[in-house]
Amino acid sequence: MTNFHPDTKWLSEYAAGTLSDSQALCVSTHFAYCQKCKQEASELTQLGAMVFNTQTNDNESAPDLLQNVLSHINKDPGQADVAPPQNNSQPVTGHTDLPTVIKTLIPEGTDNLSWKKIGPQISIAKLSNLGDTRSVALHKLQPGSTVSDHDHHGLEITVVLDGSFSDQDGKYFPGDFLVRKAGEVHSPCTSNDEECLCLTVCDAPVKFTGFFTRLLNPLVAYQHKH
Amino acid sequence: MTLGVNPDENQSEFGTARTQTPSGYSMHPDHEKPFDEWAETIEHIAVNQDREAFTRLFNHFCPKIKAYGMALKSHHTSPEMADELVQDVMIKVWQKAKYFNSDKARASTWIFAIARNCRIDYLRKLKRISSPLTADDLWPVFEEPDPVSVMDLARSSAQIEQVVNTLPAEQITVLREVYIEGKTHAEVAKQTGLPLGTVKSRLRLAMDRLRSALPA
């Protein structure tokens, strides 16, 4: 197997809006590379809408709410546009071909993040936490590196953003979505000619206890197949 | 997975910016039942800023959005929150109407997605959670669609409407818990005593039924 995807549980929880922010980030990032999963999520959203549509308490009218809304749109009739102007002072360098949601999260670009070396061939840039307690980070593996066998605590999600890596279960390319649970040990390695950039989200609370050990466990994989 | 797709091209589930008047549009109230009359209404609002049409749309969806707000299993749930949700959602519908495209989404799916995102953002506000990404960043609704994902939904709208009536009660119950009450699969399993796999398989069965009504 070379391609790994979030399964129906992940996609339906995404469509229902019950995934945590950081998990939704991983799924949403995967969609930038995977039309099939995006389509499935869109169908799963229709499934939710179907139930949404059957909810009935039709007798209840809400003239006051309508008046509030009408007076709001009368004050602001312009159907405001999205797309806020981008004003990045720093030039964006590094990996530029990234999904929109990642670019929104790191408008400064990957090179301007604060990277820390956590091993001879592996670096981490911690990103700001989203609306939950999971820690969000980018990991960079140098070409030709091998991360030694490792285990980890809690659930970890990895989405490959650039390059590739492999472990005993397969080879992973941009967009591949991997989840590894506690107790699942593996040792990822990269090919000799390109570095690998990954988004990782892990359950462990953002505390610096066991910092070093935990950060050596970035590339964790458990395949979720269709 | 497709390699080599430019990830920047889009992130959107539905909709696209619409600037031109949809051709052949008719807003006659006794218009013979269109495939998705609310889709036409939203497109009409986008072009004409018609407050009367908006009022009809409001009166139809307000009870559904309110029920969606009240159904959330959270100690934050209250009639006030549900009323706020109705207002947030309908203001957004007005502001973003031009991003709606009936070729890509049904009106109710689009409004459900907006309500979902508003409910997520509203809960964050109540819980005083700050995040660099909004629900619309993580669950995009308003951006450019993928040309590949074009589905002629309007044509099969009537069949989709019927699907829900054909589902067994046990599937409807799971759908309601997952989508409307905002429970994770694990929470549904724990509260109902069903195995986790059963929750997922009921959802899949309902999905298969829906797919059979979707255009190939």
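Bear in mind these aren't lab numbers, they're just calculated from the coordinates by the rules spelled out. Being a predicted model, the structure only gives us computed values, none of them experimental. When we count neighbours, we look across all protein chains shown, and the Cβ atoms used for this are built from the backbone with ideal geometry, even at glycine.
In whole Å, how far is the Cα centre of the stretch B:91-105 from that of the stretch A:21-38? A separation of 22 Å, based on Cα centres.
Holding the Cα-Cα limit at 23 Å, pick out from A:Lys181/B:Lys200; A:Lys9/A:Lys181; B:Lys104/B:Lys125; A:Lys103/A:Lys171 the pairs that are longer than that. Where the Cα-Cα span goes over 23 Å, the pairs concerned are B:Lys104/B:Lys125; A:Lys103/A:Lys171.
A Förster distance of 30 Å, applied to the separation of the beta-carbon atoms of B:Val47 and B:Leu214, puts the FRET efficiency at 0.60.
Annotation: extensible slack from B:Gln159 through B:Asn59 equals 33.6 nm (criterion: 0.36 nm per residue apart, minus Cα-Cα distance). Other residues with beta-carbon under 12 Å from the beta-carbon of B:Leu210 carry, at +1 per Lys or Arg and -1 per Asp or Glu, a net charge of 0.
Among B:Leu205, A:Leu65, sorting on how many other beta-carbon atoms sit within 10 Å of each Cβ, with the fewest leading, yields B:Leu205, A:Leu65. Each residue in B:Phe142, A:Phe177 was given a count of other beta-carbon atoms within 10 angstrom of its own, and listing them fewest first yields B:Phe142, A:Phe177. Here is the list for the stretch B:58-104: trypsin sites (Lys or Arg not before Pro) lying in DSSP coil, each with at most 15 other C-beta atoms within 10 angstrom of its C-beta, are B:Lys73. Placing a label point 7 Å from the Cα of A:Asn74 along the Cα-to-Cβ direction, the residues of the stretch B:93-116 whose backbone N falls under 18 Å from that point are B:94-95.
For B:Glu177, A:Glu108, the sequence from fewest to most other C-beta atoms within 10 Å is A:Glu108, B:Glu177. Taking 7 Å steps out from each Cα toward its Cβ at B:Ser201 and A:Asp169 produces label points 2.3 nm apart. Charged neighbours of B:Leu196, selected by a Cβ distance under 10 Å, balance to +3 (K, R count +1; D, E count -1).
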